[in-house]
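Working notes, beginning with the structure itself.
The values are calculated or read from the model by the stated rules, or taken from the named source; none is laboratory data. Note that the coordinates shown come from a computational prediction; the quantities given were computed from them, not determined experimentally. In this analysis, Cβ positions are derived from the backbone assuming ideal geometry, glycine residues included, and neighbour counts consider all displayed protein chains.
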Amino acid sequence: MPSDDDIRPKLRIVRGNDGLTPRSIVQETPVHLPGQFRNLFDLTDKVALVIGGGGGLGSAIACGLADFGAQVMVADLDIEAAERTANRCDRDGRPAMALEIDVTDPESIEGVIDEVAESADKLDILVNAAGINIRKPAIEYTPGEWWRVVNTNLSGVFFATQAAGRQMLPRGYGRILSIGSVSSLLGHPYHAPYAATKGGIAIMTKSFATEWAPHGITVNALGPAYTETGLTRAFLGDDERRQKITATIPMGRLGTPEDLVGAAVFLCSDAASFVTGQTLYVDGGRTAD
């Protein structure tokens, strides 16, 4: 492995015609040695909590983090689904844990994050992957339906991020990743509460990021297009609707949970140590069209 002296940027003073007066300082290109970047995506010794890890997106991301070395804790309202994911994330010497959580209850969130931090002695990575959607004409939503979507998709993300920050800020390190959506940019019909929450995640991510960047914590989001999960299966079961949605995606197909894993590992790793406040759209070109 290269030494610190090998990779540390070197400064060279350029002097004026008299040979004495400093005119400028030039940063010389450091030497990049073989193997210097080999471990950028390595998550060994990192502890990750995936909230909503029992669902399609959260489960795939949890398994991806485990494959890159993280010890993964899986939290979900459906404890049996959390246990199934945790079993898939078990690795030698890095046992996964399943926990029950209600993201609409700040006390439940606080309790889970405290339990993870206590059992693993730290929390390095938080993934906010819990979410729901109720699709109907805007004039038909009841107050209860509005608050159910908002409390799950937006308030839950806020309180989980806040609780994780209490663990990460004193240590000066953390990676926080939330699941947004192309709905934060695109005005899909019959999605009003959902779109409001995903737009909220995008701007809330920026706010957390700028506040916590000086403390070694990055905060980012992923913005998938329509992805085939249990949450969308019934909606996409209509062939005509499915074809219409697929036609809006330049790559010509819907997303899969596996499509998000690479981007998630990147944003949770040291490869993205200078990336914060961003929503990375994993959407087959949907928002580029």
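Observations
- Against the test of being of a type in the set (Ser, Thr, Tyr), in the same structural domain as Gly69 (by TED's automatic domain parsing), surrounded by fewer than 22 Cβ atoms within 10 Å (Cβ to Cβ) and in contact with a helix residue (DSSP H, G or I) (Cβ under 7 Å, 6 or more places away or on another chain), the options Thr229, Thr197, Thr218 yield a single qualifying residue, Thr229.
- The residue that is surrounded by the fewest Cβ atoms within 10 Å (Cβ to Cβ), counting only those in segment 232-274 that are within 30 Å of Ile125 (Cα to Cα) and at pLDDT below 90, is Arg233.
- Selected residue [within 25 Å of Asp45 (Cα to Cα), assigned by TED's automatic domain parsing to the domain that holds Ala264 and of a type in the set (Gly, Ala, Ser)] from Ala129, Ala192: Ala129
- Single match in Leu222, Leu260, Leu267 (criterion: closer than 20 Å to Gly64 by Cβ, assigned to a strand (DSSP E or B) and touching a residue at least 60 places away in the same chain (Cβ under 8 Å)): Leu222
- Positions within segment 41-90 being among the aliphatic types (A, V, I, L, M), farther than 15 Å from Asn128 by Cα and surrounded by 24 or more Cβ atoms within 10 Å (Cβ to Cβ), in sequence order: Leu43, Ala70, Ala86
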